[in-house]
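Asker: I have a structure here, written as structure tokens, and I will follow up with some questions on it.
The values are calculated or read from the model by the stated rules, or taken from the named source; none is laboratory data. These figures come from a predicted structure and were not determined experimentally. Cβ coordinates were reconstructed from backbone atoms using ideal geometry, including for glycine residues, and neighbour counts include every protein chain displayed. Each accessible area value is taken on the protein alone, full model and side chains, heavy atoms only, with ligands, DNA and RNA left out. Shrake-Rupley method; radii C 1.70, N 1.55, O 1.52, S 1.80 Å.
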Amino acid sequence: MSLKDQFGKDILLTGWGHSKFGKLTDDTLESLIVQVAGEAIKNSGLDPKDIDEIYLGQFNSGMQPLGFTSSLALQLSADLANVPATRTENACASGSAAFQQGVKAVLAGTARNVLVIGAEKMTDAGADVVGAALLGASYEMAGKASSTGFTGLFAEVAKHYDKRYGASIPGETLGDVLGSIAAKNHHNGMDNPYAQMHRDFGVEFCRTISEKNPMVAEPLRRTDCSPVSDGAAAVVLSTSATAGATAPVRLAGFGHANDFFPAEKRDPTEFAATRASWERALGMAGVGLEGLDFAEVHDCFTIAELIMYEAMGLTPRGEGARAIHEGWVYKDGKLPVNVSGGLKAKGHPVGATGVSQHVIAAMQLSGTAGDMQLPTARRGAVQNMGGVGIANYVSVLEAL
């Protein structure tokens with residue numbers, strides 16, 4: 001069983017665009033959207049007049065004064081006039097929400113070619129504004145003051161995890177394990193030209209509390225946290241590729257699951273809805289983890305990546321440290337995770353993240369990932385979430 005078997009048509013990623021991530025002082029939200037939209041349409045072999053619908057993933061939540069952004073992509077060309085455009089919002093999963101809405105439009109037959117964009121401009125706002133905006137994705141903390149922001153919420157997850165499971169590796173602490181994940185992703189980010197952070201800090205630095213790597217919210221250090229970022233990415237979805245498309249990639253399966261919002265209704269270390277989204281996507285694609293060559297996962301904090309090893313089924317619950325300790329998730333391991341550097345090094349412009357992950361995966365599968373390229377990449381997965389495991393999206397992509 002595959003997506004095509006279930007719905008009777010292919011969904012192809014036929015073109016994509018990606019901006020640099022980071023503090024982009026010379027760019028506006030509009031310029032970033034127009035840039036990546038133009039790249040994606042051009043690389044798909046289409047013209048703007050061929051686009052039937054647009055979905056834009058953007059969280060915003062007060063980080064930008066402009067809260068009505070769905071039509072910004074139309075600034076690319078007069079030929080986009082009157083094209084239906086919709087902004088999607090699902091916290092840090094807003095980009096993948098846009099992607100799946102685009103997929104469903106094509107499957108429904110109401111659109112042949114859909115432009116999906118993810119974008120966010122965060123660095124224009126002060127740290128207090130960004131912190132309050134992100135806390136809007138917390139049932140308990142929305143509208144409340146916090147000295148640690150969303151880091152504090154994932155720090156609580158890490159504390160629960162440590163109390164229940166510990167590091168599960170003799171002689172290592174949970175902090176050591178998280179430091180190894182951070183070091184891996186920073187090392188990988190060195191090969192990503194779009195990444196915000198190009199510095200290979202090394203394991204010892206990432207594991208150690210220091211003046212340059214202070215504790216933000218125990219047990220999470222600065223290197224355990226993704227940075228505040230600007231950036232955008234875009235992809236064109238179609239049922240067939242034109243002759244001018246750059247090595248299109250097939251969507252083999254997708255999954256979406258939401259968990260209960262109040263923390264008291266969730267196991268803080270299970271990420272049950274995340275697991276469900278993985279099961280749905282892999283089930284639709286008709287593959288298991290052994291059928292994947294890589295995964296791009298949502299490592300907003302290193303504890304999130306650790307739990308992701310377990311939620312996807314790479315290890316049993318409580319044993320995620322094995323995946324990093326035994327080298328499974330490194331570039332030369334059995335399932336490389338976050339070859340792009342992940343959110344940790346690439347950056348996390350929240351609305352852009354989900355679309356960026358799909359673009360990076362498509363580059364791997366089309367053999368156009370440059371220095372990030374894996375020697376064998378035929379099928380990969382993308383996992384993106386909003387909140388503390390609340391809104392969860394997984395896609396399985398494969399080379400044609």
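Asker: Rounded to the nearest 10 Å², what accessible area does residue 49 have for a 1.4 Å probe in the complete protein model?
Answerer: 130
Asker: A further question on this structure: Run through all the Cα pairs of segment 201-241 and give the fraction in each 5 Å bin from 0, expressed as whole percent.
Answerer: Final binned percentages: 5, 18, 20, 12, 8, 8, 7, 7, 7, 6, 1.
Asker: Of the labelled options (1) 71, 49, 34; (2) 59, 45, 40; (3) 91, 42, 42, which one gives Cα extents along the principal axes in Å as computed for this structure?
Answerer: Of the labelled values, this structure produces (2).
Asker: Using a 7 Å offset from the Cα along the Cα-to-Cβ direction at both residue 128 and residue 270, what is the distance between the two label points in nm, to one decimal?
Answerer: 4.0
Asker: Something else now. Once both axes come from the Cα atoms, what is the angle between helix 272-285 and the longest principal axis of the chain, in degrees from 0 to 90, rounded to 10?
Answerer: Between the helix axis and the principal axis of the chain, the angle is about 40 degrees.
Asker: Ok, one more. What residues have an amide H closer than 5 Å to that of residue 216, excluding those fewer than 5 places away on the same chain, when H is modeled at 1.01 Å from N in the peptide plane?
Answerer: Answer set, sorted by chain and number: 221, 222.
Asker: Could I ask something else about it? Under the Karplus relation 6.51 cos²θ - 1.76 cosθ + 1.60, θ = phi - 60°, what is the ordered set of whole-Hz ³J(HN,Hα) values for segment 306-316, x standing for Gly and Pro?
Answerer: After applying 6.51 cos²θ - 1.76 cosθ + 1.60, I find 4, 5, 5, 4, 7, 5, 7, x, 5, 9, x Hz.
Asker: Next question, about the same structure. Using 0.36 nm times the number of residues separating residue 79 and residue 6, minus their current alpha carbon distance, what extension gain do you get?
Answerer: 22.9 nm
Asker: Simple spin-label model, 7 Å along Cα-to-Cβ: residue 319 to residue 52 in nm?
Answerer: Once both label points are built, they end up 4.7 nm from each other.
Asker: I've got another one for you. Going 7 Å from the Cα of residue 68 toward and past its Cβ, which residues in segment 86-117 have a backbone nitrogen under 18 Å from where you end up?
Answerer: Answer for segment 86-117: 86-89.
Asker: Separation between the residue 164 and residue 211 pseudo-spin-labels, each 7 Å from Cα along Cα→Cβ, expressed in nm?
Answerer: Output for this residue pair reads 3.9 nm.
Asker: How many angstrom lie between the C-alpha centres of segment 18-91 and segment 316-352?
Answerer: Rounded to whole Å, the Cα centres lie 29 Å apart.
Asker: Further question: Please compute the per residue accessible area over the chain with all protein chains in place, 1.4 Å probe, rounded to a whole number of Å².
Answerer: Value for the chain: 37 Å² per residue.
Asker: Report the residues of segment 275-317 in range of a label on residue 376: point 7 Å along Cα→C-beta, backbone N strictly under 12 Å from it.
Answerer: From segment 275-317, the list is 291-294.
Asker: On to the next question. If you put +1 on each Lys and Arg Cβ and -1 on each Asp and Glu Cβ, how big is the dipole of segment 1-116 around its Cα centre, in Debye rounded to 20?
Answerer: With Lys and Arg at +1 and Asp and Glu at -1, about 200 debye.
Asker: Run the dipole for the chain about the Cα centre, Lys and Arg Cβ at +1, Asp and Glu Cβ at -1, nothing else charged, and hand back the magnitude in debye, nearest 20.
Answerer: 320
Asker: Share of Cα-Cα pairs in segment 1-133 beyond 24 Å, in percent?
Answerer: 30
Asker: While we're on this one: Of the candidates 342, 202, 109, which one comes out as most mobile in a Gaussian network treatment of the chain with C-alpha springs shorter than 10 Å?
Answerer: Sorting by GNM fluctuation, first place goes to 109.
Asker: For every helix of n ≥ 4 consecutive DSSP H residues, a contribution of -39,500 (n - 2.57) applies; sum these over the chain, divide by its total residues, and give [θ] at 222 nm rounded to the nearest 500 deg cm²/dmol.
Answerer: About -10000 deg cm²/dmol.
Asker: Same structure again: Which order do 302, 148, 376 take by accessible area at a 1.4 Å probe, largest first?
Answerer: Descending accessible area places them as 376, 148, 302.
Asker: Right, something else. Pick from 358, 198, 298: which residue has the top mean-square fluctuation in a GNM of the chain where Cα pairs under 10 Å get a spring?
Answerer: Highest fluctuation of the listed residues: 198.
Asker: Report the extension gain between residue 148 and residue 108 in nm, rounded to one decimal, defined as 0.36 nm multiplied by the number of residues separating them, less their alpha carbon distance.
Answerer: The residue 148-residue 108 span can extend by a further 10.1 nm.
Asker: In whole percent, what relative contact order does segment 201-354 give with Cα contacts below 8 Å and a gap of six or more residues?
Answerer: This gives 27 percent for segment 201-354.
Asker: Here's another thing I want to ask about it. If I compute solvent accessible area with a 1.4 Å probe over the protein chains, what percent of it on the chain is carbon and sulfur?
Answerer: 50
Asker: Let me ask you something else. Mind telling me which of 62, 175, 189 comes out most flexible in a GNM of the chain, alpha-carbon contacts under 10 Å?
Answerer: 62
Asker: A further question follows. Using the Cα gyration tensor of segment 287-332, with a ≥ b ≥ c the square roots of its eigenvalues, what is the shape: rounded (a/c below 1.5), prolate (a/b larger than b/c) or oblate (neither)?
Answerer: It is rounded, given that a/c, with a ≥ b ≥ c, falls under 1.5.
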